[in-house]
1. Out of everything in the stretch 147-176 that is touching a helix residue (DSSP H, G or I) at 6+ places or on another chain (Cβ under 6 Å) and part of a helix (DSSP H, G or I), what residue ends up being surrounded by the fewest Cβ atoms within 10 Å (Cβ to Cβ)?
2. Just to be sure I understand, how many residues within the stretch 321-337 are touching a strand residue (DSSP E or B) at 6+ places or on another chain (Cβ under 9 Å) and not in a helix (DSSP H, G or I)?
3. Does residue 318 qualify as being assigned to a helix (DSSP H, G or I), within 26 Å of residue 285 (Cα to Cα), free of Cβ contacts under 8 Å to residues at least 60 places away in the same chain and in the same structural domain as residue 389 (by TED's automatic domain parsing)?
4. Would it be correct to say that residue 595 is modelled with pLDDT of 70 or more, under 25 Å from residue 442 (Cβ atoms) and in contact with a helix residue (DSSP H, G or I) (Cβ under 9 Å, 6 or more places away or on another chain)?
5. Consider the stretch 26-55. How many of its residues are under 13 Å from residue 14 (Cα atoms) and not in a strand (DSSP E or B)?
6. So is residue 68 assigned to a strand (DSSP E or B), more than 30 Å from residue 272 (Cβ to Cβ) and in contact (Cβ under 8 Å) with a residue 12 or more places away in the chain or not?
7. Answer yes or no: is there a residue in the stretch 399-408 that is farther than 21 Å from residue 478 by Cβ, more than 16 Å from the chain's Cα centre (by Cα) and surrounded by fewer than 24 Cβ atoms within 10 Å (Cβ to Cβ).
8. Sort out which residues of the stretch 441-453 are surrounded by fewer than 16 Cβ atoms within 10 Å (Cβ to Cβ) and in a loop (DSSP other than H, G, I, E, B), and write them in order of number.
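The values are calculated or read from the model by the stated rules, or taken from the named source; none is laboratory data. In this text the structure is predicted, and so the values were computed from the model without any measurement. Counting neighbours? That spans all protein chains shown, and the Cβs are built from the backbone with ideal geometry, glycine included.
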């Protein structure tokens, strides 16, 4: 969530630092600050609130310097206030900005306090500043001090550091959180996102995991995790800072479908350390709250509701906690019984969905343990109203029919489910295996996108249809619901989804040679049951289309339809992976039918009314 900007130049860098922070505001934050090497030494300005508040503060108490670092912070350790805002300093010599979480900060804090260091903040970051100052005071230069400290830090982080004793130098490093170097003539930069630096350079070096960057006014040196000089390629950015252009894609929806591997990777980045999840990503006090949670209530609307339904299977199956999922517009108008220690989770792409926001506000008076928002817009009402939050990092989504917002919601909710499971007794080896599986999700989604051509051909069979039936079991039942919703939203074909075991209880009456039936068939524990349901369709001459895991495709029944084979994937990530061909199917059918793909009739992107 946090943002980093650093600069070493022959000019005052304050405007560059502030401009960079403004470019990173989309990531969400609750405080902002700068540290500069000035004529008086190391000086800082920090404030709770927005970059505009920091800018106003600098207007009344200006700073100027040729070397500086700046930060926007989303609180994880310590309340969101000026005292805990970054940059964090040590003995007026070292200033640090930090994205990520230092898991062993408590033991390091105790060690440093015993050595005489006084702590001014509640942050985990302050231990980094004091450790670097300690090494620096023993005679190490800034680069050596940072490299000395890195092995002592457990967790995920990106760091930028300056020293009062070494003007014209910024040292940065990353492990699990992004950091890039920006190159220019007579000035060099660091940032957590290239968008912060596009106004000043288009040449970038992307630091690899464990890299340390020694950034000086006229030079940049990169060292790998072992300390050896590293030759990292310089990349030229050819795009503008505008993230909402269609580019080579015919529609925003198609662009956003293809952006999903990166969006999911962004949602996971900085939130995993090795084979476990960093609990603090949910906010201050998350560890205690998740440990106390005895039940979960999820509310959402539309596509977000489908994500919540998938999460229920995960939370109950992995964490063994009861989980209820409701449509927000129904929840807010009924009398509900709240079980003790229930975590209230609201899911919304925009964070402004009227029914979801109203449900969240009403929940505050009902005795829930805490409220958690899963959302794509950090400054939205739902995030501001919630105790905890987890951003999906999907980036701008222009198409009305949600795609990457949905799969990043699944990624975020899987983090929540796994963390609840870790705090409620899941076998550690199973937990670690599932975290490793989650790390393969961006690649698996990218492999599913390779089916685009095959799905485009399949779409031709749907152009003249007026109805379609989608089937799934377990976590794939909500995915079937999402597939049906996408098809009806943008192609205007009437589509319904059913749990496959319900076929005999009514829907089978609709099946004939004119009814396309789409079945979602991953390689999971319900596969044999699903095969029986597919046989029921085949026996009645239904037009059957099966999305099947490659490991089981050859054993799946099919007749007058088609088999689409997906790359093998684990059961945890299968919902997101199997979503992709359903999105592509809806898109290509809509294009062939000539509908307005990005702005389907009667629908809006953010539903801010009942």
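1. Out of the qualifying residues, it is 148.
2. 10
3. The answer is no for residue 318.
4. Here the answer is no, as residue 595 does not meet what is asked.
5. Total meeting the criteria: 3.
6. yes
7. No, the stretch 399-408 contains no residue that is farther than 21 Å from residue 478 by Cβ, more than 16 Å from the chain's Cα centre (by Cα) and surrounded by fewer than 24 Cβ atoms within 10 Å (Cβ to Cβ).
8. 450
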